[in-house]
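The structure under discussion appears below in the form of structure tokens.
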Amino acid sequence: MKSFNDKRNFYRMMLNREVVVTVIDDEANANIAATCRDLSATGMALEMEQPIELGTHIRIKVDSSGEQIQALDARGKVVRLEEESDNCYLLGIAIEEID
């Protein structure tokens, strides 16, 4: 049973891991470095130096930390954007597909 403070359907795993973000909606498909703060079955929080607009579709690649763990390649949509400080943005990503 979930506690009053945690109304999420899935637990979040704290990662603090470097990831590569590709903006799918952008013709250039530029790769952007980011840090994945946490990950759950349906979403993740990314820390970046530049904002990405709400509703933008992105691809996120998280390299494996070892041979026994498969790399994560997911597609999602930006559903939350917060400016934490100068050149530091926190993005909430809804995962739409995992390859």
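Values in this text are rule-based calculations from the coordinates and carry no lab data. Just so it is clear, the structure is predicted and the values come from calculations on it, not from any experiment. With ideal geometry, Cβ positions are generated from the backbone for all residues, glycine too; neighbour counts draw on all protein chains shown.
Numerical summary
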quantity	calculated
Note, ³J(HN,Hα) from phi for the range 27-35, Karplus 6.51, -1.76, 1.60, rounded to Hz, x at Gly and Pro	4, 6, 6, 5, 8, 10, 6, 8, 10
Overall Cα dimensions of the chain, principal axis frame, Å, largest first	45, 35, 23
Long-range amide H partners of Thr56 with built H, under 5 Å	Val78
Whole-Hz couplings from phi, Karplus 6.51/-1.76/1.60, listed for the range 93-99; x for Gly and Pro	10, 8, 6, 9, 7, 10, 8
Neighbour count of at most 13 Cβ within 10 Å plus DSSP loop: longest GluC sites (Glu not before Pro)-free window in the chain	68-99
